[in-house]
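The values are calculated or read from the model by the stated rules, or taken from the named source; none is laboratory data. For clarity, every value in this text was computed on a predicted model and none was experimentally measured. In this analysis, Cβ positions are derived from the backbone assuming ideal geometry, glycine residues included, and neighbour counts consider all displayed protein chains. Just so you know, the surface numbers come from the protein's heavy atoms only, side chains and all, with ligands and any DNA or RNA stripped out. Shrake-Rupley method; radii C 1.70, N 1.55, O 1.52, S 1.80 Å.
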Amino acid sequence: MVEVKNLHKSFGDLHVLRGIDLEVNKGEVVVVIGPSGSGKSTFLRCINHLEQPTSGEIHIDCVNLDDGNVNINLIRQTAGMVFQQFNLFPHLTVLANISLAPAKVLNMPVEDAEALGRELLRKVGLADKEAVYPHQLSGGQQQRAAIARALAMKPKLMLFDEPTSALDPEMIGEVLMVMKELALEGMTMIVVSHEMGFAREVADRVVFMDEGVLVEEGKPSEFFRNPKHERTRAFLSKIL
Amino acid sequence: MARYFPFLVRGVGITVQFTFISFLLAVMLGLVIALGRISGSRIIRTPCQIYIDFIRGTPLLAQIYLVHFGLPQIFHYRPVGYIDALVALTLNSSAYMAEIYRGGIESIEAGQMEAARSLGMTYGQAMRYVILPQAIRRVIPPMGNEFITLLKESSLVSVIGMEDLMMRAKMMAGQSFRPFEAYFTTALIYLVMTITFSRLLGRVEGRIKGSGRS
Ligand SMILES: Nc1ncnc2c1ncn2[C@@H]1O[C@H](COP(=O)(O)OP(=O)(O)OP(=O)(O)O)[C@@H](O)[C@H]1O
Ligand SMILES: [Mg+2]
């Protein structure tokens, strides 16, 4: 589903990603953890080309992202992204937030886009909120709406960048619940998150990133019980 | 003196006309220039930047003379004062307008563009459906100020013979030999216009704020 080969990314002199290799199979859930500044967000942003990789290869669904012929906007449709800060569109109602992209990008008739939007709002438990504006929602509700918005493009892969770290503790659960359901439905997911409960329960694999490289990966049970690298151990001891 | 008053007031129509027409044209041209100014392509960005810097760094009076006397010399045509006045005012205001738009667009958090792009929208779609609708709300107050500025600055078109309020003030001053009364009355008429339009703009802004959602 996703294949990343020797991915490098620099911002000027700052070499953020230093050769990343990762394969994610269809339906797999991979949780990425790592210290602040290690390049987790940059990695996700490279996968759907919000950042241009400096070198390396990224294949999504067997399409090489750096092949000049592929349409980047099409690739972005295959990979949905959920942001730490939600980034809902404040000038649109919740329903319009969700139906905008299907209507404009996929040229779906507005009624169909809205029907799809309503269906997704039901799925994330916001059926009664379609007519309100994002600022009228709690943080947890906003993030669920943002997940619905990403799903409206029928992505084959979902990227989550610390989806719960801007939330008050009591709202984290409702967002993780939606993500868990998504995982159970077979969605391929790459999740940057330090919610270890979620990683243990939902992840097929946990990956530890530090200073722009993937230091270690493993099944959650194995990974948390018996980390192999010193850096992983040091990091886990800080967050667990 | 009072018999000159209707004569002056007829100039108000011309002044308002110049102001409105060049404002509307500048609102459109300014957006195009602003989008060029923030374009990722240097070939588009640099000329827009130069245009903005040139207009903002030179006097409107010089621009009016350039359009009215300079261009006809180079391109060999007969200048039409009315058109040249509109062109000069529009070009001038559009540069300021472009900077107002740019400020509005750049005040929208980067996350909005990223979210739109991550949904597969093109840059143009993201601008049109996500960024500009939010930016418009933020540019309306400074555009109101630009309108008032334009109303006052339009008095300069009198130098190429437009019979606006200012021109009529000059004529009145010359005929009546009472320049103080002529120019003071005229200044007051400008003041009444700017105050009136400020009020109106304030009301428009209030309504937009009232309609909520940031
Ligand atoms: N657009 C950019 N321009 C320059 N430097 C950047 C840019 N984006 C990220 N960086 C730098 O790259 C490094 C990695 O950033 P990144 O956001 O990927 O880290 P992260 O692992 O997601 O951290 P956090 O846990 O704090 O979110 C940081 O040093 C950051 O300052
Ligand atoms: Mg990050």
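A few points about this structure:
- Distant-in-sequence amide H partners of residue A:160 (H built 1.01 Å from N, under 5 Å): A:82, A:190, A:191, A:192
- Buried on complex formation within region A:89-126 (loss of at least 40 square angstrom of accessible surface versus the isolated chain, 1.4 Å probe, ligands and nucleic acids ignored): A:89, A:90, A:91, A:100, A:104, A:105.
- Vicinal HN-Hα couplings computed from phi for region B:64-74 (Karplus, 6.51 cos²θ - 1.76 cosθ + 1.60; Hz; Gly/Pro x): 4, 5, 4, 5, 7, 10, x, 4, x, 5, 6
- Across chain B, C-alpha contacts under 8 Å between residues 6 or more apart give a mean separation that, scaled by the residue count, equals a relative contact order of 27 percent.
- Accessible surface buried upon A-B contact (total; probe 1.4 Å; Å², nearest 100): 1900 Å²
- Calculated from backbone phi, Karplus (6.51, -1.76, 1.60) coupling profile of region B:200-207 in Hz, x at Gly/Pro: 4, 5, x, 5, 4, 4, x, 5
- Span from the region B:70-114 Cα centroid across to the region B:134-175 one, whole angstrom: 15 Å
- Selection from B:74, B:166, B:206, by position along the positive dipole direction of chain B (Cβ): B:206
- Lysines with Cα under 22 Å of residue A:154, excluding same-chain neighbours fewer than 8 positions away: A:26, A:104, A:123, A:129, A:180
- Remark: region A:21-36, residue by residue, has Karplus-estimated 3J(HN,Hα) of 10, 7, 10, 10, 7, 4, x, 7, 10, 10, 9, 9, 10, x, x, 4 Hz, where x stands for each Gly or Pro and the curve is 6.51 cos²θ - 1.76 cosθ + 1.60 at θ = phi - 60°.
- Peptide B:26-33 shows a mean partner chain C-beta count of 0 within 10 Å per residue C-beta.
- Residue B:149 accessible area, assembled protein chains, probe 1.4 Å, Å²: 60 Å²
- Per residue of A:149-156, other chain Cβ atoms within 10 Å of the residue Cβ number 2 on average.
- Heavy atoms of residue B:86: accessible area, 1.4 Å probe, square angstrom to 10: 20 Å²
- Unit charges on C-beta of K, R, D, E only; dipole of the protein assembly as shown, Debye: 1640 debye
- Ordering of B:3-16, A:149-162, B:129-142 by packing [mean C-beta count within 10 Å, highest first]: A:149-162, B:129-142, B:3-16
- Rounded tilt (10° steps) of A:230-239 against the dominant C-alpha axis of chain A: 40 degrees
- Each Lys or Arg adds one and each Asp or Glu takes one away; over the other residues whose Cβ falls under 12 Å from the Cβ of residue B:49, this sums to +3.
- Within 10 Å of each Cβ in B:119-129, the average number of Cβ atoms from other chains: 6
- Each Cα pair under 8 Å and six or more residues apart adds its separation to the average, and for chain A the resulting relative contact order is 27 percent.
- Annotation: per residue accessible area for the protein assembly as shown equals 47 Å², rounded to a whole number [probe 1.4 Å, protein chains only].
- Farthest toward positive dipole pole in region A:190-240 [+1 Lys/Arg, -1 Asp/Glu at C-beta], among A:196, A:208, A:240: A:240
- Value at 222 nm in deg cm²/dmol, rounded to 500, when DSSP H runs of n ≥ 4 in chain B each add -39,500 (n - 2.57): -25500 deg cm²/dmol
- Counting only DSSP H runs of at least 4 residues, each contributing -39500 (n - 2.57), and dividing by the residue count of chain A, the helix-based mean residue ellipticity at 222 nm comes to -11500 deg cm²/dmol.
- By accessible area, using a 1.4 Å probe on protein heavy atoms only, the protein assembly as shown has 58% of its surface on carbon and sulfur.
- Rounded to the nearest 20 debye, the dipole magnitude of region B:10-213 is 380 debye, with +1 charges on Lys and Arg beta carbons, -1 on Asp and Glu beta carbons, and the Cα centre as origin.
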